[in-house]
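Have a look at the structure below before the remarks.
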Amino acid sequence: MSNQNKQPSEKSWGQQPVTYRELIVFFSLSVIVVITFAGLLVWKYIIQVDTPLVEATQSEPESNGQPAAQGSRGSGQGIFEDSCIACHTIGGGPGLGPDLEEVTDRQTREWLLEWIQRPDEVLAGGDQYATELFQEYNLAMPNPGLSETQARDVLAYLENPGGETSQEIVLPEGGEPEKGKAIFTGSVRLTNGGPPCMSCHNTTGVGELGGGTLGPDLTNVYSRYEEGLSSALDGLPFPTMQGVFADKPLTEDEVADLYAYFEQIDQKASEQISYDFVWLGLGGFLVFSLLGHLKWRKRLTGVRKPLLGGSK
Amino acid sequence: MLDTLLFAVFPYVAVALAVVVGFYRYFSDRFSYSSLSSQFLENRGLFWGSVSWHYGILAILLGHLIGFLIPRSVLAWNGVPWRLYVLEASALMFGILTLWGLVVLIIRRFSSARIRVVTSLMDIVLLVVLLVQVVAGVWTAIFYRWGSSWYAGFAVPYLWSIIKFSPDISLVNNLPFMVKLHIIGAYVIVGLIPFTRLVHLLSFPFTYFWRPYQVVIWNRRKETRG
């Protein structure tokens, strides 16, 4: 313990009076902050009305500098089974994404390599083929976060898949829509501990004030994804969800129940999100302020007012 | 790369800064370990600003802490939609209260000449950072709503990964910009603690809760109140 307790000096920490220049800087900064937020608000709700179903991501793939010209097919198969299989088949027909059989004949190596690593950027760059895929599947491919080496490995596998992973989509059966809804809202917990769907997603008819808005509305996800929905639920291959659900996957029964629920609500139209809870919050704020004022309404008549002695 | 820097490295830098500089300031300039008076004789603005701000921010921080400590219980509470709405509306109420208090305090700090002379550069920096942080928080609550639920899925495992020294940024690096800003803002504020009046967090006079009342007696004739 130090025993040199100094008296507060003129230049004590952060206690020098502020100059007018600093004030101007502060106000400029505040104005910039306010304008930025206001601008974002305008951009979000007036200009950018249509948001893509899956948010473009900024995750940057690792690059280790010296990519092998030719990837390893074996490693590529592993990566494919980990990262791609939820949406793609090789010769098994289209899922959430296209069937990748002979994909190397449809596009150049360079394009595929770029696409595998940065599908979000390629699409955002307005690439024609990517745009066609987006329109056809109504889904932007999430960035799988692969390095250039990994992408080459996947490509090597796609060039020569050997056909042994061709899979057929097996649709989940026997799910109960009611149970699916309970899982969606969270009244029945997910077995592996993931947060309930409603935290981030809305569907028509879920709760008085609706579901969350971090992720897209899922009311018509059934017709949007068609058969792909079951594999989407199975792997949840969306970049935002991967971090959370990679080690907390849905069980088979949960997938079946949710699938049944989405099938059931598919005929409903997705509705405009209601922001009524904001009014609740604002109302609560006003009530709280009023109560505070009433509780402390004598605050000026106690010690301080006499101290002020009538001066302003 | 930037995400790694911001979400995996910066938290440690901020905490280290807070601890090291915090100790240094404590042993080199102990009397400064408080929140310098901002003219409590000016009472109107102070009441609406300071009371709103402190009740709001304490409730909000407590909410973040509870969500962090018992996420499964929060999820269980939120399992029934109306309970979720009650929680979210209350949280938003405190968020708005915090924002309102902060705005009043900012206006007050610069509209009163008396307060201006006791305002330091770091006060200004702090107010700007807090403004950004609170706006980003309220924004997240409104536009990326039901955060009390998804906080349990994203933020809690992420914060634990930081605490366990194996940061997992895949949990947060795809979140919307405003949410990321809110996370980074929290680290900035932690790092700012020892440089600003925020040190008063560490010198809070808890004993005031149970000390006896202080009796104020006036030695004046005209004043009747005592």
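Odds and ends about this structure:
- Average beta-carbon neighbours from other chains, 10 Å sphere, peptide A:196-203: 5
- Pair-distance distribution P(r) for segment A:73-159, from all Cα-Cα distances in 5 Å bins starting at 0: 3, 15, 26, 31, 19, 5, 0 percent.
- When A:ARG118, B:ARG72 are arranged by Cβ crowding within 10 Å, least crowded first, meaning fewest neighbours, the order is B:ARG72, A:ARG118.
- Part-to-part distance (alpha-carbon centres) for segment A:239-303 and segment A:95-153, which is given in Å: 35
- Sequence of A:GLU132, A:GLU114, A:GLU176 once ranked by neighbouring C-beta atoms within 10 Å, starting from the fewest: A:GLU132, A:GLU176, A:GLU114
- Neighbour-count order for B:VAL134, A:VAL122, fewest beta carbons within 10 angstrom listed first: A:VAL122, B:VAL134
- If you look at the Cα atoms of the protein assembly as shown, you get an Rg and a Dmax of 28.0, 102 Å.
- Applying a threshold of 27 Å to the alpha-carbon distances of A:LYS181/B:LYS180; A:LYS179/A:LYS248; A:LYS181/A:LYS248 flags A:LYS181/B:LYS180 as lying beyond it.
- When the helices of chain B are scored as -39500 (n - 2.57) per DSSP H run of n ≥ 4 and the total is divided over every residue, the value at 222 nm lands at -19500 deg cm²/dmol.
- Per residue, the average separation of C-alpha pairs within less than 8 Å and at least 6 apart gives chain B a relative contact order of 34 percent.
- Kirkwood analysis of chain B, using all unique Cα-Cα pairs, places the hydrodynamic radius at 19.7 Å.
The numbers here are math on the coordinates, done by the rules we state, and not lab data. This is a predicted model, so every value here is computed, not measured. Counting neighbours? That spans all protein chains shown, and the Cβs are built from the backbone with ideal geometry, glycine included.
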